[in-house]
Amino acid sequence: MADKQTPSVLIVEDEVASLNLLASYFEAENYQVYKAENSDTAEQVLKQKSVDVVLLDINIPGKDGLSLTREIRNKSDIGIILVTQKKDDIDRIVGLELGADDYVTKPYNPRELFVRVKNLVHRVKTSAIAGTGTGSGGKEVQFEGWTLNLGRRLLTSDDGEKIQLTEGEFKLLSALINNAGTVLSRDQIMNRMERRDWFPTDRTIDVLIARIRKKLGDDRDSPRYINTAHGTGYVFVAEITRNG
């Protein structure tokens, strides 16, 4: 039986051959692996087991992956990586809107997939430590009533409210903060975010901006943090202070 330090992944895939192949790959990397061929089984696993990351195929029988993403995110901050077909641009955008952290497209390279899961597991476990109030916390950026912990992708308000960012939200906000006061086009934002293949369209950037604004309580018509440079891109306008 795996201890709390053993990384765990739930693979939700209705193609049995692909499911077993991925499971064996992660097991060889010393992961605790749970398998599900449909959403009902996945939900049962999530109720009974402690899972760090869900690797979720959008096209599964019964409740689809997008609906399951919404339900998981409403209950938990565990990592979610969606698996989509190349043609499913809209599904990828909707998945990010619903709170997925990342996506991969079929056919995928198992090694690349493992690296993405590994990085997300690290974020999830670090965030769990943050929730217990232990750990060093790492570097922080403060701006107008908010503190962004760069090691935990965690936003904390002045009154103590904690808001977890998804991987995409964190990378985009970090890119804007690191270039505060400078207007960045959508293309420049994508170039400053790791693994540009995450975000192949301007629409994806706009979706993530909207999610960040909502979490910050930022009014797009009278912004305190992220301003829209019409026809160009976005600029972070709040004054920042770095600690650590």
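Since every read-out is calculated from the coordinates, none of them should be taken as a lab result. Predicted, not measured: the structure shown is a model, and the values here were computed from it. Quick reminder, even Gly has a Cβ in these numbers, built from the backbone with ideal geometry, and neighbours come from all protein chains shown.
Of Lys63/Lys162; Lys35/Lys75; Lys106/Lys162, which pairs sit farther than 28 Å apart, going by alpha carbon to alpha carbon?
Working: Lys63/Lys162 30 Å; Lys35/Lys75 20 Å; Lys106/Lys162 35 Å.
Table pairs above 28 Å Cα-Cα are Lys63/Lys162; Lys106/Lys162.
Quick one: of the DSSP bridges fully inside the chain, what percent are antiparallel, nearest 5?
Details: 20 of 39 bridges.
About 50 percent, rounded to the nearest 5.
Quick one: angle between helix 167-178 and the longest Cα principal axis of the chain, in degrees between 0 and 90, rounded to 10, please.
For helix 167-178, the angle is close to 20 degrees.
Rounded, prolate or oblate: pick one for the stretch 8-130, where a ≥ b ≥ c are the square roots of the eigenvalues of its C-alpha gyration tensor, a/c under 1.5 means rounded, and failing that, prolate if a/b is larger than b/c, else oblate. Numbers along the way, then the final one.
Working: a/c = 1.21, a/b = 1.07, b/c = 1.13.
Note, shape of the stretch 8-130 comes out rounded.
Given the options Thr232, Val53, Leu82, identify the residue whose Cα lies farthest towards the positive end of the charge dipole of the chain (+1 on Cβ of Lys, Arg; -1 on Cβ of Asp, Glu).
Farthest along the dipole direction, towards plus: Thr232.
Once a ≥ b ≥ c are taken as the square roots of the eigenvalues of the Cα gyration tensor of the chain, is the result rounded (a/c under 1.5), prolate (a/b larger than b/c) or oblate (a/b not larger than b/c)? Intermediate values should be presented prior to the final figure.
Working: a/c = 2.05, a/b = 1.48, b/c = 1.38.
Cα axes put the chain in the prolate bin.
Along the charge dipole of the stretch 136-243, Cβ charges K/R +1 and D/E -1, which of Ile163, Pro223, Leu150 sits furthest on the positive end?
So the residue we want is Leu150.
Suppose R0 equals 22 Å. What FRET efficiency, 1/(1 + (r/R0)^6) with r the Cβ-Cβ distance, do Asp89 and Ser185 give to the nearest 0.05? Could the numbers behind the result be given before it?
Values: r = 20 Å, r/R0 = 0.92.
After rounding, the FRET efficiency stands at 0.65.
Which whole number in µm²/s is D for the stretch 136-243 by Stokes-Einstein, with the Kirkwood Rh taken over Cα pairs at 37 °C and 0.692 mPa s? Please list the in-between numbers first.
Values: Rh = 14.0 Å.
Value of D from the Cα-based Kirkwood radius: 235 µm²/s.
Under a point-charge model restricted to the Cβ atoms of Lys and Arg (+1) and Asp and Glu (-1), what is the dipole moment magnitude of the chain relative to its Cα centre, in debye to the nearest 20? Present the calculation step by step, with values, prior to reporting the outcome.
Working: 34 positive and 37 negative charges, 95 e Å.
Computed charge dipole of the chain: roughly 460 debye.
Percent relative contact order of the stretch 8-130, based on C-alpha pairs within less than 8 angstrom and at least six residues apart?
23
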